[in-house]
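In what follows, a structure is listed as structure tokens, so that the remarks can point back to it.
What follows draws every value from the coordinates through simple rules; no lab data is involved. Just so it is clear, the model here is predicted, and its values are computed rather than measured. Note: ideal-geometry Cβ built from the backbone for every residue, glycine included; neighbour counts use all protein chains shown.
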Amino acid sequence: MTPNERAQHNHHELFPGHVSRLSVTDPELIEIFDNVAFDEVLAYGGLDKRTRLMVQLAALIASGVLPEYHVMVGAALTVGTIALGGGVTACLLVAFAWAVAGVRAARSGR
């Protein structure tokens, strides 16, 4: 079982060369997940790729999920949504990571 062609293309565009460990142990789950996440969801709505990724990054910051944010920053860098040209972008990425840490601290009452 494999995801459909459009899901495979979108997955490879965001995460080139990445193969989920679950594709070996549960290929049916990966087929369903990739078809939804990398085809149906991306086909819905009118957001361009850059805007959609920026919204996803903002949502991850607001949720305080640094590991997922880190993965999506990599995807955004891969497709050129954000670029590490100059110190300004690098500072923004660090500021985002600190924002995530702040959200976590606020949630835990520290």
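Sorting 2, 81 by the number of Cβ atoms found within 10 Å of their own Cβ, with the fewest placed first, yields 2, 81.
As a proxy for reagent exposure, 44, 69 were ordered by neighbouring Cβ count within 10 angstrom, fewest first; the result is 44, 69.
Shown for 48, 26, 34: other C-beta atoms within 10 Å of each C-beta, ranked fewest to most, produce the order 48, 26, 34. Near residue 8: Cβ cut-off under 12 Å, other residues only, Lys/Arg at +1 and Asp/Glu at -1. The net charge is -4.
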